[in-house]
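The values are calculated or read from the model by the stated rules, or taken from the named source; none is laboratory data. Model, not experiment: these values are computed from the prediction. Methodologically, a virtual Cβ is constructed for each residue, glycine included, from the backbone with ideal geometry; neighbour enumeration extends over all protein chains shown. Surface accessibility is based on the protein's heavy atoms, side chains included, excluding ligands, DNA and RNA. Shrake-Rupley method; radii C 1.70, N 1.55, O 1.52, S 1.80 Å.
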Amino acid sequence: MTPPIAIHIAILNADLPVPAVRSSPHTATYGAIFHTLLSSAASRLSQKSATQKTPSQHPTQHPTQTPPLSPSPALPPAPAPTITITSTSFNILANAYPSSLSLPTTSALLITGSAASAYDDAAWIRRLERFLRSVYAEWPRVKVFGSCFGHQVVCRALLGGDVVVERDPKGWEIGVQEISLAPEFREGFGKTARPLLDDHDCTAPSANANAPLPPTLRLQFIHADHVRLRTPRALPPGWVVVGSTPHCAVQGVYQPGRVLTLQGHFEFDRFVNRETLRVFGEGWGREVLEEGLAAVDQDDDARVVAEMVVRFLVEGVVGEGHEVVGGLLTPL
């Protein structure tokens, strides 16, 4: 029997959802939302892998050849492993973090969004940065995923230097926007994936657990800070930008098998982003707020992105890492 691929995520909650969202137990914390979406995505990927075709085991017969006396029976395909997601949530605003004893069984850290800015001079943010640097340096098998604020604080903690987090001079990026994925990201993503997602023929592209990423993806947004690269070579070797929108040039960063961040929110649906915008935009003019709400009320590719994140979580570990020194990365 093929053992399941067990992924355990330590979710670092950097904020609470707005009151209208957290009134439901299913959306009481960002961790609960992420857990539900990633568990569903893992189930879909497992089903896709299980239904993919395997090559026939019968030898090819030709009219001019003498058939074998005893044709070899077809071998049953090996069952595809399933992906299981478990998680533990930590309120890092109250300084709750995974212990060093739990890190050996932790597959990934997930840093949620927050109303705070990653560059705020707050003790809890500085502690989060130290924790991320420590885990990245000392626990190479623990992956790191960050969303919105999480994306920005990961960039500050692990990159720094010419990778800057700042207030976006263009203002807010709100609602469903289309991300153009960078060719380097599309080509490199998933090349170190576990066998579950490799070497399968598919009944249809949509059923492929390891299908190539599309050139564009639509996600919900609500942010006024951004990550900016001061120079074209600001990222260390092996790291790439995920993609861009007309508003924001760095929609995430990716180091194969180790780090993935996204500026957008695949964990936000219409309801979550609408209620969040109503709180964030309480002092805005009515016309501006209604324009933002209209942008929120659009279809997105959250399911595709959730599956993309699960594929990242089952990627193999990269052999060549980096050493974190004072927030900057240097090759080992």
Looking for something surrounded by 20 or more Cβ atoms within 10 Å (Cβ to Cβ) and over 20 Å from ILE11 (Cβ atoms) - is there at least one such residue anywhere in the stretch 141-164? yes
Just checking, how many residues over the stretch 1-27 are among the aliphatic types (A, V, I, L, M) and within 20 Å of TYR97 (Cβ to Cβ)? 7
Of all the residues that make up the stretch 181-213, how many are assigned to a loop (DSSP other than H, G, I, E, B) and either modelled with pLDDT of 95 or more or open to solvent by 80 Å² or more (accessible area, probe 1.4 Å) (or both)? 6
Can you find even one residue in the stretch 67-74 that is part of a loop (DSSP other than H, G, I, E, B), farther than 19 Å from ARG303 by Cα and modelled with pLDDT of 95 or more? no
If LYS170 satisfies every condition in (1) crowded, with 21+ Cβ neighbours inside 10 Å; (2) modelled with pLDDT of 95 or more but one, which is the exception? (1)
Cβ-Cβ under 9 Å pairs, at least 6 apart or on other chains, the stretch 277-296 side closer than 20 Å to LEU16 by Cα and without any contact (Cβ under 8 Å) to a residue 60 or more places away in the chain, far side aromatic (Phe, Trp, Tyr) and surrounded by 13 or more Cβ atoms within 10 Å (Cβ to Cβ): GLY281/TRP172
Criterion first (open to solvent by 10 Å² or more (accessible area, probe 1.4 Å), assigned to a helix (DSSP H, G or I), in contact (Cβ under 8 Å) with a residue 60 or more places away in the chain and of a type outside the set (Lys, Arg)) does LEU93 satisfy it? yes
